[in-house]
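Input: a single structure, listed below in structure tokens.
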Amino acid sequence: MNKIKQQKKIHKLSGLVTSEGKCCVPDSSIFFNFQYITSDSNYNFEQIKKQGGNAKEIYRDLLSFLQRVSQSSWEELRTKGKDNGGFETMELSNFKRSICSNIRQKNLTNDTKLYVFRFGGNKYRLVGHKSYGCKAALHILGFDFDHSLYDHGS
């Protein structure tokens, strides 16, 4: 029994987090966490299903986007800009509050920066929060398929 208590707990994603809770992924890498995706069906995977015949195209665009971004560094994406495969940041106060319906345990305030990525020929948006504990992780909060999650301007 004593041996079990002394064993260090290893994170489910072996090698990504040490027993001390520190991230072992280089900051130049990016990986995605869908744990906190909104339960608002207007901004999660349920909305893709509602797109009917376009759903396949959206899934294909999303997977292509995720693969491309995961092979980039944060610095590369920052320098590309929002219209060229990079991202923009916006304060949480600009978004509908339902985007954070499943991330209550994080300390997000109205001035917390969320990351907005465009994909699918700039038609769609992926919104995430960069992890506090592991700078390589992007917590996916939701998607904007109809430009209703925040004010996109005119």
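Taken over the range 10-42, the criterion of being among the β-branched types (Val, Ile, Thr) and at pLDDT 75 or above is satisfied by 30, 37, 38. Based on what the data block shows, is residue 94 surrounded by 15 or more Cβ atoms within 10 Å (Cβ to Cβ), in contact (Cβ under 8 Å) with a residue 24 or more places away in the chain and farther than 20 Å from residue 28 by Cα? Against the criterion (surrounded by 15 or more Cβ atoms within 10 Å (Cβ to Cβ), in contact (Cβ under 8 Å) with a residue 24 or more places away in the chain and farther than 20 Å from residue 28 by Cα), residue 94 does not qualify.
The values are calculated or read from the model by the stated rules, or taken from the named source; none is laboratory data. Just so we're clear, the structure is a prediction, and the values are computed from it rather than from any experiment. Here the Cβ is made from the backbone with ideal geometry for all residues, glycine too, and neighbour counts use every protein chain on show.
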